[in-house]
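**Student:** Here it is: the structure, laid out below.
None of the figures in this text is laboratory data; all of them are computed from the coordinates on show. Just so we're clear, the structure is a prediction, and the values are computed from it rather than from any experiment. Every residue, glycine among them, receives a Cβ derived from its backbone with ideal geometry; neighbour counts consider all protein chains shown.
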Amino acid sequence: MQTGKNSSRPDRKSKDRVASMQSIIEIPSKRTAGMTDQQRYEAIALAAYYLSEARGFEPGHELEDWVNAETQFDAQH
């Protein structure tokens with residue numbers, strides 16, 4: 001239930017959080033060729049967690065967070 005929150009605020013926080021998490025995702029990018037599926041999965045899971053955290057863990061966006069994290073990861077690699 002929303003309590004009068006500004007709907008654009010979580011989006012701005014998400015963008016800020018995504019920018020800050022890029023360094024986390026870029027660490028394995030230097031060894032992408034040798035990255036295992038498990039390492040890729042863990043990097044995407046961490047990025048999705050941060051996206052969810054930026055929204056205050058509001059339920060119902062789990063798939064959206066995962067897809068966005070995966071898309072960002074793939075774009076960087």
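**Student:** Taking 0.36 nm per residue of separation and subtracting the Cα-Cα distance, what length does fully extending residue 63 through residue 42 add?
**Tutor:** Numbers: separation 21, 0.36 × 21 = 7.56 nm, distance 1.55 nm.
Gain on stretching residue 63 to residue 42: 6.0 nm.
**Student:** Modelled label-to-label distance, residue 35 and residue 71, 7 Å Cα→beta-carbon offset: nm?
**Tutor:** Reported label-point gap for residue 35 and residue 71 is 1.7 nm.
**Student:** Right, another one. What per residue convex hull volume, in Å³, comes out for region 36-77 when only alpha-carbon positions are used? Show your work: numbers first, answer last.
**Tutor:** Values: hull volume 2.4 nm³, N = 42.
Roughly 57 Å³ of hull volume per residue.
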